[in-house]
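Everything below concerns the one structure shown next.
Laboratory data are not the source of any read-out in this text; all were calculated from the coordinates shown. A quick note: this is a predicted structure, and the numbers were derived from the prediction, not measured. In this analysis, Cβ positions are derived from the backbone assuming ideal geometry, glycine residues included, and neighbour counts consider all displayed protein chains.
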Amino acid sequence: MQDSKVKFNDGWCFAVVNGRLAEIYFKEKYGIYAHGYIERKEFDKREQKMIDADIRKYQFFYRKGCYFDKVLKIRHRVTVFRKVFSTFKKLKRL
């Protein structure tokens, strides 16, 4: 699979990453740069509907610094965190 030029906006959404519910974070210029696993019971009824809608569209595998989109069959390499947040000079290790 080749890296694809997918256009991203700034923000986040719910997704399934490695078979678990997660929030993925992305920026327009850099693409996906992070994800965090969550539990469904933390959210109210309105957000539960958002989760259902998002997880149908966004399903990923994350391995060795790449996100593999199971729906679109593309690969996206993770952007270095320091590029995304260049204003944070004090971050030594992430």
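As a footprinting exposure proxy, order VAL17, VAL78, VAL71 by other Cβ within 10 Å, with the fewest listed first.
VAL71, VAL78, VAL17
Give the Debye-formula value of log10 I(q)/I(0) at each listed q (0.19, 0.20 Å⁻¹), with one equal scatterer per alpha carbon of segment 11-79, two decimals each.
-0.71, -0.78
Subtracting the Cα-Cα distance from 0.36 nm times the residue separation, let me have the gained length for ARG56 to LYS29 in nm, one decimal.
Gain on stretching ARG56 to LYS29: 7.2 nm.
Ranked by Cβ crowding within 10 angstrom, fewest neighbours first, how are ASP54, ASP44 ordered?
By the 10 Å Cβ count, ascending: ASP44, ASP54.
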